[in-house]
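Everything on this sheet refers to the single structure shown next.
Rule-based calculations on the coordinates, nothing more; no lab input. From a predicted model like this one, the values you see are computed outputs, not experimental measurements. Backbone-built Cβ (ideal geometry, glycine too); neighbour counts: all protein chains shown.
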Amino acid sequence: MRNFSRAVLLCCAALGTLLAGPERGTAQEFADHRYTSEAIEAGSRIYVADCALCHGRGGGDVDGVDIRRGVFRTVSSDEDLRRIITTGVDRGRMPAFDLQPFELDGVVAYIRAGFDPNGVAVKVGDAARGQAIFQGAGDCASCHRVNGQGPLTAPDLSEIGAIRNPAALQRTLLDPSAALLPINRPIRAVTRSGETIRGRRLNEDTYSVQLIDSEERLRSLVKADLVEYEVSETPIMEPTTLSADQVADVIGYLLSLRGLP
Amino acid sequence: MNTVQRTRLTGLALKGLLAFGPALLLAPLHIDAQVDSDRIVNSADEPENWLTYNGSYSSQRYSGLTQITAVNVTDLESKWVIQNQVFGAWQSNPIVVDGIMYVTQRPNDVMAVDPVTGRVFWVYRYDNSPNARVCCGANNRGVAILDDKVFMGTLDAHLVAVDATNGQLLWDTEVGDVNAAYSITMAPLVVKDKVLVGVGGGEFGIRGFVAAYDADTGEEAWRFYTIPGPGEPGHDSWEGDDWEHGGAPVWVTGSYDADLNLVYWGVGNPGPDWNPGQRPGDNLYSDSAIALDADTGELVWHFQFTPNDGYDYDSVQVPILVDIEWNGELRRLMLWANRNGYFYVLDRVTGEFLTGTPFVKVNWSSGLEESGRPIPTPQPAGSPTWPGNQGGTNWYPPAFSPSTELFYFSAWEDYASIYRPAESAFSPGRAFLGGGFDVLTPVPGAPSPGIGRTTPINNWTDVTGHGTVMAWDPRTGQTRWRYEQFDVSDGGMLTTASDLLFTGGREGHFHALDAQTGELLWRASLGGQIVMAPVTFMVDGEQYISVISGNTLVTFGLRD
């Protein structure tokens, strides 16, 4: 048992280099170039001056809204954001703000950069187009399940828009191995009887591991009964070959997935 | 045999009874069961009792009981459980005195329990002020006993004495100002005729202290501030008025050497926690071991582990006192696995530093000077610091076995944090943190281990930290053996004269390991996090082991 866990630790030591590595060019490439770093920086000042009073510095002080993470009640696209800031909502509960176009750009840019003044704004596209890509050219639906439809082996995405911000979603699409949560790492185990089991890890402790196998069955394996046990850092998902605009649309669709109302 | 008889058995009487055979057990006995300080000094003479938080004044958590052995440990079975009705990490350490167990439950209830059946004699409930503030949960780690009184510190920083027989409140003394966020979570330490206690509040800008109270009246006998005031030695390790709200709490029970008449305490972090630049200087006596005269509270020596700490490396570990041969000479030593990742050996007569060795990866310091002072190597902004914020180890009690001469403790390995220092304004009773930190994870925003386990799913996994029971040889500065777990562990240690080591962890596994080799001899899956050390005791000739897992106190004994 202890040999197993040591093996896993050794293989994970490589993560240090991954963390220390330079920023990936892909993030720049897929950035929303309407929004410059100057715009993001300007937006941070406007946000603090005009928005933070109600929404809070972290963007989560209004019920049902978490601006930094891209969680809104009614809006989705950048255009929606511009409109709601300009016109207000809920009969004055959120007032209309008279901002110059570059100021408006700045606030949206700051939001899309995840409130990081030094960050990169993530392009968020059209959810309807994104859904079509998700189910078609993107080949996402062949592994991921949404609202009860699709396979169970990859993580269910029905609520992904409520738990991931645009930057994290973009990272997953462009570089899945840099975004793979440790718990979701693929497992390969060989039992004493010679059965090879592959699947996605659901839980683990010192003596056992729980997973969903490639046949979509829930399995619980006692480590002492295994002759081989490997945890891979490489996800089954590969980096997307979609265009920047298509990725933006898929992000728009994923952000719209918030589970049951 | 009825319970009243059992409650009146002293250790000495029990041994006498065993010598005369079981017939005498039927005779009614009314032997005075008063616990004086001398009984605690000589606790090794009555291993059937667990008289104080750490089992003895030397805090070794080593029991002389040998009925449970490596051979029969697989015959352990659950005898009874108590379910705590208040949820949250149950960190209490039971004491067992002459056939009665005293244990606290959240937030500040004392229970007297029959340790054979688990049935409760009485419950004393303390009503805390609604203004009580603690950083890290409504914890209480247990009681102390002296004569016929049981003592408990409270979340609103009071010390109370209750009658050991009926749970009636006898006195209630304010130790610290609840509105300034003083609190007490530790089990008090009784020495002679006094009750000693320290205060928590290191995240709220308190000025820490240890104080002693007359056990009969609750009147304060002495108070030692862990931050020296103007004119006192060490005051110049602070600038301006930083000392007034510099933290340095004392929130874990200390140790006592009766021959030297010294009490030893570990002192917690300076405040604000993560912004050392805001409080220039060494910030004495934060992150230090202190030795105080037990009668007067006067400081006799100190040793600071982490000057000007920016990592929350509280030195609130239990000071373990051992008398062992050191370089050919029998010496009075203090052994200390520190939250900062170094294992220290100190001379407990003088405080002299003898040696210090990292037991986990350490990069906040490149080593220790000859004096034991660390050579600081602060990491660049955004880079990880090892060990991380919860430390290489923490408050959970270690153990030392005079039989194996090994020191046992829970270490967090492969665990680092990225610190974000920021200016904090001090306001009495409010959080005073100086920024924050993130645990190093392989993916931004991925789950990471926190202060306790709140979910049955370990979605942070071992890549963000895992727990190891270390059997440390203080002479070689190396582990003799290691027992790795997948999750991090806050499990304390219990070792016995039959060379067993009992401990648990966040996964809810309760382990019996061979204290010599680390071999797993027996385990039970108890389901909830184990965040305190087990204790052992004997009643009516049967050895028991109690451990708290989640919200359940389980007592094991050998199968009938």
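Mind checking the log10 I(q)/I(0) for the range A:115-176 at q = 0.23 Å⁻¹? Debye, one equal scatterer per Cα, no solvent, two decimals.
The computed values of log10 I(q)/I(0) come out as -1.13.
To make sure I understand the rule: partners must be lysines, Cα under 26 Å from the Cα of residue B:192, and not fewer than 8 residues away in the same chain. Which ones qualify?
Candidates past the 8-residue exclusion: B:15, B:149.
To the nearest whole number, what is the average tally of beta carbon atoms from other chains within 10 Å of the beta carbons of peptide B:476-485? Walk me through the numbers before you get to the answer.
Working: counts 0, 0, 0, 0, 0, 0, 1, 2, 8, 5.
Taking the mean over all residues of the peptide, I get 2.
Taking springs between alpha-carbon atoms closer than 10 angstrom, which of A:210, A:131, A:149 fluctuates most in the Gaussian network model of chain A?
The residue that fluctuates most here is A:149.
At a 10 Å Cβ-Cβ cut-off, how would you order A:219, B:106, fewest neighbours first?
Values: A:219 15, B:106 20.
Ordered by Cβ neighbours within 10 Å, fewest first: A:219, B:106.
Which loop trypsin sites (Lys or Arg not before Pro) in the range B:435-520, with loop taken from DSSP, have no more than 14 other Cβ atoms within 10 angstrom of their Cβ? Could the numbers behind the result be given before it?
On the way: sites: B:453, B:475, B:480, B:482, B:506; in loops: B:453, B:475, B:506.
Sparse-neighbourhood loop trypsin sites (Lys or Arg not before Pro): B:475.
Nearest 0.05, what FRET efficiency do residue B:560 and residue B:172 give at R0 = 41 Å with Cβ-Cβ as r? Spell out each step's value before the answer.
On the way: r = 43 Å, r/R0 = 1.05.
Computed FRET efficiency for residue B:560 and residue B:172 comes out at 0.40.
Please find the FRET efficiency linking residue A:62 to residue B:128, where r is the Cβ-Cβ separation and R0 is fixed at 41 Å, and quote it to the nearest 0.05.
Working: r = 33 Å, r/R0 = 0.81.
Taking R0 as 41 Å, the efficiency between residue A:62 and residue B:128 is 0.80.
Is the shape of the range A:32-112 rounded, prolate or oblate, going by the alpha carbon gyration tensor and its root eigenvalues a ≥ b ≥ c, with a/c under 1.5 for rounded and a/b larger than b/c for prolate? Please report the intermediate quantities before stating the final value.
Working: a/c = 1.45, a/b = 1.34, b/c = 1.08.
Rounded.
Express the Stokes-Einstein translational diffusion coefficient of the protein assembly as shown in µm² s⁻¹, to the nearest whole number, given a Kirkwood radius over alpha-carbon pairs, 4 °C and a viscosity of 1.567 mPa s.
45
Considering every residue in A:231-237, what mean count of other chain Cβ atoms within 10 Å of its Cβ is obtained?
Mean partner shielding for this stretch: 1.
Taking θ as phi - 60°, what are the ³J(HN,Hα) couplings along the range B:352-359 by the Karplus curve (6.51, -1.76, 1.60), each to the nearest whole Hz, with x for Gly and Pro?
4, 7, 9, 6, x, 9, x, 10
So what's Rg/Rh here for the range A:66-146, counting alpha carbon atoms and using the Kirkwood radius for Rh? Spell out each step's value before the answer.
Values: Rg = 15.3 Å, Rh = 14.4 Å.
Taking Rg over the Kirkwood Rh, I get 1.06.
Give the angle, between 0 and 90 degrees and rounded to the nearest 10, that separates the Cα long axis of helix A:2-12 from the longest principal axis of the Cα atoms of chain A.
The helix A:2-12 is inclined about 40 degrees to chain A.
Angle, helix B:11-20 long axis vs. longest principal axis of chain B, Cα atoms, 0 to 90°, nearest 10?
Helix B:11-20 sits roughly 30 degrees off the main axis of chain B.
When a/c is below 1.5 the answer is rounded, else prolate if a/b is larger than b/c, else oblate, so apply that to the range A:181-231 with a ≥ b ≥ c taken from the square roots of the Cα gyration tensor eigenvalues.
Details: a/c = 1.67, a/b = 1.24, b/c = 1.34.
Note, shape of the range A:181-231 comes out oblate.
What average number of partner chain Cβ atoms lie no more than 10 Å from the Cβ of the residues making up A:202-215? Walk me through the intermediate numbers first.
Numbers: counts 3, 6, 8, 12, 15, 7, 3, 1, 2, 0, 0, 0, 0, 0.
Mean shielding by partner chains, rounded to a whole number: 4.
Quick one: which residues, 5+ away or cross-chain, put their amide H under 5 Å from the amide H of residue B:301? H built at 1.01 Å from N.
For residue B:301, whose amide H was placed from the backbone, the distant partners under 5 Å are B:291.
For the range B:287-343 and the range A:45-88, compute the distance between their C-alpha centroids and round to whole Å.
Centre-to-centre (Cα) distance: 52 Å.
Starting at 0 and stepping by 5 Å, how many percent of the alpha carbon pairs of chain A end up in each bin?
Calculated P(r), rounded to whole percents: 1, 6, 11, 15, 15, 14, 12, 10, 7, 5, 3, 2, 1, 0, 0.
If one computes the Cα centroid of the range B:169-219 and of the range B:427-463, what distance in Å separates the two points?
Between the Cα centres of the range B:169-219 and the range B:427-463 lies a distance of 30 Å.
Rounded to the nearest 500, what is the 222 nm mean residue ellipticity of the protein assembly as shown from helices alone, with -39500 (n - 2.57) per DSSP H run of 4+ residues and division by all residues? Can you show the working numbers first?
Working: 15 runs with 116 residues, N = 821.
Result for the protein assembly as shown, helices only: -3500 deg cm²/dmol.
Between residue A:217 and residue B:217, what is the label-to-label distance in nm when each label sits 7 Å out along the Cα-to-Cβ direction?
7.6
On the first, second and third principal axes, largest extent first, how far apart are the outermost C-alpha atoms of chain B in Å?
Sorted from largest, the Cα extents of chain B read 72, 51, 49 Å.
Could you order the peptides B:42-48, B:52-58, B:541-547 from most to least packed, using the average number of other C-beta atoms within 10 Å per residue? Write down the numbers at each step before the final one.
Values: B:42-48: 18.9, B:52-58: 26.7, B:541-547: 21.6.
Highest mean packing first, the order is B:52-58, B:541-547, B:42-48.
In terms of modelled amide H atoms, which long-range or inter-chain residues lie less than 5 Å from the amide H of residue A:71?
Excluding prolines and chain starts, which carry no amide H, the hits are A:66.
Calculate the tail of P(r) for the range B:441-482: the fraction of all Cα-Cα distances greater than 11 Å, expressed in %.
Every Cα pair in the range B:441-482 considered, those over 11 Å come to 72 percent.
Tell me whether the range B:266-385 comes out rounded, prolate or oblate; compute the Cα gyration tensor, take square roots of the eigenvalues as a ≥ b ≥ c, and use a/c under 1.5 as the rounded threshold. Intermediate values should be presented prior to the final figure.
Numbers: a/c = 2.40, a/b = 1.44, b/c = 1.67.
Oblate is the answer for the range B:266-385, as a/c is 1.5 or above yet b/c matches or exceeds a/b.
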